[in-house]
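What follows is calculated from the coordinates using simple rules that are stated; it is not laboratory data. Since this is a predicted model, take the numbers as computed values, not measurements. Note that we place each Cβ from the backbone using ideal geometry, even for glycine, and neighbour counts take in every protein chain shown.
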């Protein structure tokens, strides 16, 4: 007897397609976590869009949306793929094989758009399994939605039961894949040799103040800004750091060889983003561990009169670093942060830490360092940001916005100035009309931030505008002029209103 098939309305087919897309993307995400060669299709599409976005538009999005810009782009690309899956379901719901092939083609096209770091076979594998999952899920969901009436069958619900089993199998496989993926990360077998661990100086006691930023930023709390929606997942076993250009000896160093060949050191140092607004959160102070960059350059026989370095990264990012900054004692080829190998978000297996310069000139996922004799214009410099990126002298107020009249309270925060250090911090409680010196906590290193505190007793209730300003180790006062982050870093005095009751 011929089977009678019913066709759900277009809206239902679209909804089923969206659900099936979720299953397909779930498998794609799990494969992406388990195999570094497999891209996650929507994020690959988003990363390509980032590379194609004109510099003025990218700058506008950064200044107005900051981190939300990438989140919106990533969400939009996921929504776009889900929409594509819905359209495929409307057009080919009754042909699961054709629907699966169409979705696989969509995922493959998006995956192949990934800027770098993924293989063609990885894109094909991810797309094939995502397409198969999509097709199987779509068929199962459609059966559950409309059923199959077989006139001669004594058990008309058998098809529904089979669909439930199929859908359950898909969900179980996807769940196992996503659970196992983190265990198959690229850091398996990574070993850090012993470091000459940095020790802070002997210091006078400093008050414990609620709300004051800790001296050391944890890896989890450290800010992350880069051009990638999806950070590269690099296999440390096959990774090489190549040093070339105007050198006498070209180097190609693996992760273990880098550690064995050079002395390993650690330094406390501030890292801050050029797009950080005055008093903003895009800053961290960590213990960075690795090899002194100047020792690497000396081993390669780099000339001391070159312009600097042209640095290339696994994600296609580039940066130009002047030689004076690169050869500074605090500049590292960093492979660890706060005692642990770098996370993928922070540049595993290797990044440069150049404390004189903003984060855009501290590239992550470094694969090549080339010594050049003419200025090299890196990624963000091509987008209109400063090619030099020297960190400005800055301060920030951290403490609360309420106080009581007649009761002493702490005004406290942090200050930093790249490699110049901080010699003085002053606080104003009357909108800048008068200034009082703050107590300084000696920093953990010359390149770490300095905690500061001022004990204040407000005399009467009301609103008070607090301000702070720092003086660096060369005697230069924090710039009072108000500037936006673009193109060379924000400037001006941080201000905070305190309500006194």
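Some observations on this one:
- Peptide ranges 204-210, 120-126, 445-451, 405-411 listed from the most packed, as the mean C-beta count within 10 angstrom indicates: 445-451, 120-126, 405-411, 204-210
- The alpha-carbon positions of region 241-382 define a convex hull whose volume is 103 Å³ per residue.
- Protection proxy ranking, peptides 63-75, 132-144, average beta carbon neighbours within 10 Å, highest first: 132-144, 63-75
- Each distinct pair of alpha carbons in region 38-123 adds a 1/r term; the inverse of their mean, the Kirkwood radius, is 14.1 Å.
- Multiplying the residue separation of residue 434 and residue 340 by 0.36 nm and subtracting their alpha-carbon distance yields 29.3 nm.
- Ratio Rg/Rh, restricted to region 306-408 and using Cα atoms, in which Rh is the Kirkwood radius: 1.15
- Distance between modelled label sites at residue 98 and residue 249, nm, 7 Å Cα→Cβ extension: 6.6
- Residue ranges 51-60, 373-382 sort as 373-382, 51-60 when ordered by packing (mean number of other C-beta atoms within 10 Å per residue, highest first).
- Which labelled figure in [x] 51, 30, 20; [y] 46, 31, 21; [z] 37, 27, 20 is semi-axes √(5λ) of the Cα gyration tensor in Å, once derived from the coordinates: [x]
- Acute angle (nearest 10 degrees) that the helix 10-34 long axis makes with the longest principal axis of the chain, alpha-carbon atoms: 60
- Rg over Rh [alpha-carbon atoms, Kirkwood Rh] for region 394-500: 0.99
- Semi-axes of the equivalent ellipsoid for region 457-496, Cα gyration tensor, largest first, Å: 27, 15, 5
- Based on DSSP H segments of at least four residues, each scored -39500 (n - 2.57), the chain has a per-residue ellipticity at 222 nm of -10500 deg cm²/dmol.
- Across all directions, the average flat footprint of the convex hull enclosing the Cα atoms of region 35-88 is 4.7 nm².
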